[in-house]
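Undergrad: My questions will all concern the structure given below.
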Amino acid sequence: MTVLDTRVRPTSSRLPRTRHYVMCPPDHFAVEYAINPWMDTAVAVDHSRALLQWDVLRNTYLSLGHHVDLVPPMPGQPDMVFSANGGLIVGDRAYGARFTFAERAAEGPAFAAWMRSQGLTVTEPGFTNEGEGDFLALGSMILAGTGFRTSLDAHIEAAATLDRPVVSLELVDPRFYHLDVALAVLDDGNGDTPADVAYYPGAFSRHSRRTLRDLFPDATIVSEADALVLGLNAVSDGQNVIVPSQARDFAEQLTDRGYTPVPVDLSEFLKSGGSVKCCTMERHR
Ligand code: ARG
């Protein structure tokens with residue numbers, strides 16, 4: 001008797017779309033202060049290893065055919081490598097970031113100046129928000145995190161600025177202080193396939209878990225163990241999912257759903273509470 005593999009296999013194949021990413025070289029990367037539970041100034045960062053890991057990430061995007069813009073790093077801003085926090089770009093409009101902590105405040109205007117130099121129309125934020133750390137753009141809506149960094153007022157401001165509905169999600173576990181460490185967009189729904197996400201339910205309040213279940217009944221549910229290596233801090237082009245290499249079960253779940261996991265080791269950045277997605281801003285269309 002033949003034993004059938006009953007795991008869910010995709011009925012249609014996934015399709016990659018060429019993306020336009022923005023990164024900031026980790027020249028000044030270090031853990032010099034602690035503004036999230038991952039950061040411990042007593043733990044040394046291996047700087048040359050961080051540079052190598054970041055290069056691998058950039059080269060991974062380039063080898064997959066994606067564009068990567070570079071924002072010049074600023075001395076004295078050790079977290080600027082986390083370019084996702086620098087704003088939210090949709091089409092030729094951008095919503096600027098306004099950081100929660102004084103340590104990162106100077107990054108907001110620096111990213112805004114760079115976005116302007118690209119010809120984008122940048123809206124100065126009136127409210128605290130950390131860009132794509134808490135705003136994840138789908139074709140039809142923006143998923144927005146709140147609870148630790150980005151304010152609810154900023155959700156409304158982002159919706160008005162980018163003319164796209166925003167769905168607010170409440171984060172409740174300080175280890176998952178940004179939406180992009182609790183939820184990964186696997187398919188933004190801009191192509192022929194519906195939007196698809198993966199998330200760790202424990203990071204969200206009860207009502208936000210319900211919102212997620214209603215919006216994405218078919219979502220991939222990721223284990224706490226994989227969430228704790230920041231496995232959800234992944235970047236997808238619709239087919240290839242660049243995923244922190246420590247998240248092994250998540251990589252298998254991705255394969256089962258028809259994606260191609262591309263594991264990348266960003267362990268030095270984990271010491272600052274960041275990984276793949278944090279180091280990557282996307283210029284959404
Ligand atoms: N050390 C940085 C902070 O706490 C990490 C930012 C990670 N970025 C992200 N998009 N989740 O602000």
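Since every read-out is calculated from the coordinates, none of them should be taken as a lab result. Worth saying up front: this structure is predicted, and the values here are computed from it rather than measured. Here the Cβ is made from the backbone with ideal geometry for all residues, glycine too, and neighbour counts use every protein chain on show.
Undergrad: Would the stretch 59-78 turn up any residue that is of a type outside the set (A, V, I, L, M), in contact with a helix residue (DSSP H, G or I) (Cβ under 8 Å, 6 or more places away or on another chain) and within 16 Å of the ligand (Cβ to nearest atom)?
TA: Yes, the stretch 59-78 contains at least one residue that is of a type outside the set (A, V, I, L, M), in contact with a helix residue (DSSP H, G or I) (Cβ under 8 Å, 6 or more places away or on another chain) and within 16 Å of the ligand (Cβ to nearest atom).
Undergrad: For residues that are touching a residue at least 40 places away in the same chain (Cβ under 8 Å) and among the charged types (D, E, K, R), scanning just the stretch 229-273, find the one that is farthest from the ligand (Cβ to nearest atom).
TA: It comes out as ASP256.
Undergrad: Sticking with this one: Starting from the stretch 197-216, keep only residues that are in contact (Cβ under 8 Å) with a residue 12 or more places away in the chain, then list their pairs with residues that are part of a helix (DSSP H, G or I) and crowded, with 22+ Cβ neighbours inside 10 Å whose Cβ atoms are within a distance under 6 Å, requiring at least 6 positions of separation or different chains.
TA: TYR200/ALA227; ALA203/PHE176
Undergrad: Let me ask something else about it. Among (1) exposed (fewer than 14 other Cβ atoms within 10 Å of the Cβ); (2) touching a Pro at 6+ places or on another chain (Cβ under 6 Å); (3) not acidic (Asp, Glu), where does ARG209 come up short?
TA: Single failed check for ARG209: (1).
Undergrad: Please verify whether VAL181 is of a type outside the set (D, E, K, R) and within 23 Å of PRO16 (Cα to Cα), treating the condition exactly as stated.
TA: yes
Undergrad: Within the stretch 138-188, can you find the residues that are touching a His at 6+ places or on another chain (Cβ under 7 Å) and among the hydroxyl-bearing types (Ser, Thr, Tyr)?
TA: Within the stretch 138-188, THR146, SER168 qualify.
Undergrad: Restricting to the stretch 97-154, name every residue that is of a type in the set (Gly, Ala, Ser), in a loop (DSSP other than H, G, I, E, B) and closer than 25 Å to VAL185 by Cα. Step through it out loud before you land on a result.
TA: Quick first cut of the stretch 97-154, residues of a type in the set (Gly, Ala, Ser) only: 97, 102, 105-106, 108, 110, 112-113, 117, 119, 126, 131, 133, 137, 139-140, 144-145, 147, 151, 154.
With in a loop (DSSP other than H, G, I, E, B) added as a condition, the list becomes 97, 105-106, 119, 126, 139-140, 147, 151.
Of everything in the stretch 97-154, those that are of a type in the set (Gly, Ala, Ser), in a loop (DSSP other than H, G, I, E, B) and closer than 25 Å to VAL185 by Cα turn out to be ALA97, GLY139, SER140, GLY147, SER151.
Undergrad: Look through the stretch 94-113, keep the residues that are more than 15 Å from the ligand (Cβ to nearest atom) and surrounded by fewer than 21 Cβ atoms within 10 Å (Cβ to Cβ), and return whichever of them is farthest from ALA182 (Cα to Cα).
TA: Checking each candidate, the answer is ALA113.
Undergrad: Follow-up question, since we're still on this one. I'd like to verify a number: residues in the stretch 150-181 that are in contact with a Pro (Cβ under 8 Å, 6 or more places away or on another chain) and closer than 20 Å to VAL90 by Cα, how many?
TA: Of the residues in that region, 3 qualify.
Undergrad: With the requirement that a residue be under 18 Å from the mean Cα position of the chain (by Cα) and buried (at least 17 other Cβ atoms within 10 Å of the Cβ), what does the stretch 40-63 give you?
TA: The answer is GLN53, TRP54, LEU57, ARG58, THR60, TYR61.
Undergrad: OK, next. So VAL22 ticks every box in (1) more than 16 Å from the ligand (Cβ to nearest atom); (2) hydrophobic (A, V, I, L, M, F, W, C); (3) closer than 20 Å to PRO244 by Cβ but one. Which box is left unticked?
TA: VAL22 satisfies every listed condition except (1).
Undergrad: Another question about this same structure. Report yes if some residue within the stretch 80-89 is surrounded by fewer than 22 Cβ atoms within 10 Å (Cβ to Cβ) and away from the ligand (no atom under 12 Å from the Cβ); otherwise report no.
TA: no
Undergrad: Now for a separate question. Any residue that is on the phi > 0 side of the Ramachandran plot and either more than 16 Å from the ligand (Cβ to nearest atom) or within 20 Å of the chain's Cα centre (by Cα) (or both) - is there at least one of those in the stretch 115-133?
TA: Looking through the stretch 115-133, at least one residue is on the phi > 0 side of the Ramachandran plot and either more than 16 Å from the ligand (Cβ to nearest atom) or within 20 Å of the chain's Cα centre (by Cα) (or both).
Undergrad: Which ones in the stretch 24-73 are of a type in the set (Val, Ile, Thr) and farther than 24 Å from PRO261 by Cβ? Break it down stepwise before answering.
TA: Pass one, the stretch 24-73, residues of a type in the set (Val, Ile, Thr): 31, 35, 41, 43, 45, 56, 60, 68, 71.
Those that are of a type in the set (Val, Ile, Thr) and farther than 24 Å from PRO261 by Cβ: VAL31, ILE35, THR41, VAL43, VAL45, VAL71.
Undergrad: For the stretch 34-50, give me each residue that is touching a residue at least 24 places away in the same chain (Cβ under 8 Å) and in a loop (DSSP other than H, G, I, E, B).
TA: Listed by number, the residues that qualify are ILE35, ASN36, PRO37, TRP38, MET39, ASP40, VAL43, VAL45, ASP46.
Undergrad: If I ask for residues that are more than 12 Å from the ligand (Cβ to nearest atom), of a type in the set (Val, Ile, Thr) and crowded, with 18+ Cβ neighbours inside 10 Å, which ones from the stretch 168-186 would you list?
TA: Matches in the stretch 168-186: VAL185 only.
Undergrad: When you go through ARG93, ARG58, ARG14 one by one, which is the residue that is touching a strand residue (DSSP E or B) at 6+ places or on another chain (Cβ under 9 Å), among the charged types (D, E, K, R) and more than 24 Å from VAL243 (Cβ to Cβ)?
TA: ARG93
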